[in-house]
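The values are calculated or read from the model by the stated rules, or taken from the named source; none is laboratory data. This structure is a prediction, so every number in the text was calculated from the model and none was measured. Here the Cβ is made from the backbone with ideal geometry for all residues, glycine too, and neighbour counts use every protein chain on show.
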Amino acid sequence: MDTLPLLPVIIPLLCAALMTFCYNAPLALQRVMGMASVALLLGVALLMATQLPGQDHLLYMLGGWQPPFGIVLVVDRLSVLMLVLTAVLAGFCLVYASRGHDREGAHFHTLVQFQLVGINGAFVTGDLFNLFVFFELLLIASYALLLQGGGAARGRAGLHYVVLNLIGSAFFVVAIGLLYGVTGTLNMADMALRIAAAPAADQPLINAASLLLLAVFGVKAALLPLLFWLPRAYIAASAPVAALFAIMTKVGIYAMLRVFALVFGLQEGLAATLAWQWLWPLALATLTLGAIGVLGAANLRGITAYLVIVSVGTLLAALSLGSEAAVAAALFYLVHSTLLTAAFFLFADLIGRQRGEALDSLRVTAAMSQRKPLGILFFFGAIALVGLPPFSGFVSKLWLLQVTADTPAQGAFWLLVLLAGFIILIALSRAGSKLFWRQPEQSADGPPADPVRLGVVAGMLLCSVALVLLGDPLMDFTEAAARTLLAPADYIAAVQTLAIDPLGGGLTE
Amino acid sequence: MELLMAITIGVLTACGIYLILRARTFPVVLGLTLLSHGVNLFLFSMGRLTLAAPAVLGDSSHHADPLPQALVLTAIVIGFAMTAFVVVLALRAAVELRSDHVDGADPDEDLR
């Protein structure tokens, strides 16, 4: 199946187009369509995973136009990992949203599908300008999703989010323009060869473009000076949307990895690129600020939003080491943290539904009708998030600490990661005791939690257990993903097989 | 022509960034528009500035690079749609929050 890499983009696109045409269709039909599309996406991603052992890169030429002039889609193990994660996460979010959240605003399911087009497209494209277009697609869908349901808080958070991302997009175009001006190409494989062979006089321009790209991806990934939009936006968004957005910071991190490992890291390796040197201190600062925010948050959604920032800081700190082992461990942590933070956004909504006006704020005000089942679920979720055994948090953190041992980074990384873990433990214990333990005396007779919603949250926590049980094959997979990612020459050779001209203008031959 | 182009892009970007840093939503929207104009011109000039040349390869040895023109077209379309969206968003925020301050409330309003 040569068209396989195209399917993750075309399935949600067709589904969204169909939904746009029959926007008056009953909600039940839209739900079924959305879930069918996500199920297909999961199937396609898993099918690609089965094809990868034979070849490291699956390629597809859009419209049959050959690289370096046409747009080529390239799927490797990292892409597949992200595609599977996106499909699983979107499936959970859609099921949760189908219990009522999708009534709050128009076109919820259509927008989710458009969002999936953008996210999946960013994971598969091998062309820098095409990456920009997919970024715009996912952002435009996310603007509308963030505003679903309306309200003053969403309006304010939405305005900040939109303006900041528009500025980010403008700088993205500037960076692409600079790179095109210097190299005369947009194909990432071609560009990598040309940058490696660029004369010294062009180096300042290339450096400027690479740092601009770091800033642009930093906005998406929520790297320190550029993360202040995130808590407000994620707290204001409705629960399934916030859970879906948990993958968005990871799109920024994926773009960083892909672009810097391939385009700028061809010659000296990822860790030696100029942008990567900036990443280490910024990531540690992000981690620290996230941990402080977790302590200071006033409600469970706030805690979760800052947990996203902690996970971004941890991930980028590990990735900034640039070694194969560190990247593999970070990818495993990425899967774990995305699923768990998303689960907690949904969980905060579940708890908030039983506490009346108090919602999920950390105050002892309202009694809950289902304190025990939710409390037990919270207990296990918190254990998984903090990183205590036997859940995936423990395994992924242990692996991260293991790969950073005996490197110069060990001291700072261990100190901050373990300290952040301890702070998260304190914050979640405090949240748990406020929400569940110290309940007012009056009995609550509110409606019990929707079983499907409860099932979704429990299912996501079970995924954390599954990550441990499937740990061995998954770790092998992330190790192979890191190996192919850090071997950009193989990527270029794979694109070269389709190319009409020698990539890099034949300069390197 | 290079100097004129450079000055134009510089002025547009500087004005755009100045306006984006203002506290009311309308100047911010105008700033975004100016910034995107500056960026589009910049992208356009990355195909090198040529006069009186066709944008197609082939017969003539003297031709303009067609790719940045296609890119600018994409960027213009996205920028146009986003401007319309952000105008609607700013209007809605102004109505809902009863203030056109970017943070939804003017911190110094009582002082005036």
Check: Does the range A:455-509 hold any residues that are under 20 Å from A:L270 (Cα atoms) and not in a helix (DSSP H, G or I), and which are they?
Finding: A:L486, A:A487, A:T508
Notebook entry, point to check: Picking from A:A305, A:A298, A:A342, A:A326, which residue would you name as being under 23 Å from A:G411 (Cβ atoms) and in the same structural domain as A:L486 (by TED's automatic domain parsing)?
Noted result: A:A326
Next item on the list: Determine whether B:L73 is more than 10 Å from every other protein chain (Cβ to nearest Cβ) and either at pLDDT 75 or above or more than 26 Å from the chain's Cα centre (by Cα) (or both).
Entry: yes
Checklist line | Cβ-Cβ under 9 Å pairs, at least 6 apart or on other chains, the range A:169-186 side more than 7 Å from chain B (Cβ to nearest Cβ) and buried (at least 24 other Cβ atoms within 10 Å of the Cβ), far side of a type in the set (V, I, T) and part of a loop (DSSP other than H, G, I, E, B) | finding: A:L179/A:T185
Check: Taking the range A:67-124 as the search range and keeping residues that are out of contact with any strand residue (DSSP E or B) (no Cβ under 9 Å at 6 or more places or on another chain) and part of a loop (DSSP other than H, G, I, E, B), which one is modelled with the highest pLDDT?
Finding: A:S98
Note to self: Can you go through A:T407, A:T365 and tell me which one is among the hydroxyl-bearing types (S, T, Y) and closer than 20 Å to A:T286 by Cβ?
What the structure shows: A:T407
Next item on the list: Pick out the one residue from A:G432, A:G381, A:G352 that is touching a Lys or Arg at 6+ places or on another chain (Cβ under 9 Å), under 25 Å from A:A237 (Cβ atoms) and surrounded by 15 or more Cβ atoms within 10 Å (Cβ to Cβ).
Entry: A:G352
Next item on the list: Tell me, yes or no, whether the range A:9-22 has at least one residue that is surrounded by 13 or more Cβ atoms within 10 Å (Cβ to Cβ) and in contact with a strand residue (DSSP E or B) (Cβ under 9 Å, 6 or more places away or on another chain).
Entry: yes
Next item on the list: Give the residues of the range B:76-112 that are under 29 Å from B:L43 (Cβ atoms), surrounded by 17 or more Cβ atoms within 10 Å (Cβ to Cβ) and either away from every other protein chain (no Cβ under 11 Å) or modelled with pLDDT under 85 (or both), sorted by residue number.
Entry: B:V102
Item checked: Among (1) within 27 Å of A:L13 (Cα to Cα); (2) surrounded by fewer than 24 Cβ atoms within 10 Å (Cβ to Cβ), the one test that A:S142 misses -> (2)
Check: In the range B:12-57, which residues are in contact (Cβ under 8 Å) with a residue 60 or more places away in the chain, more than 8 Å from chain A (Cβ to nearest Cβ) and assigned to a helix (DSSP H, G or I)?
Finding: B:F26, B:V29
Notebook entry, point to check: What is the one condition in (1) in contact with a Lys or Arg (Cβ under 9 Å, 6 or more places away or on another chain); (2) surrounded by fewer than 22 Cβ atoms within 10 Å (Cβ to Cβ) that A:A305 does not satisfy?
Noted result: (2)
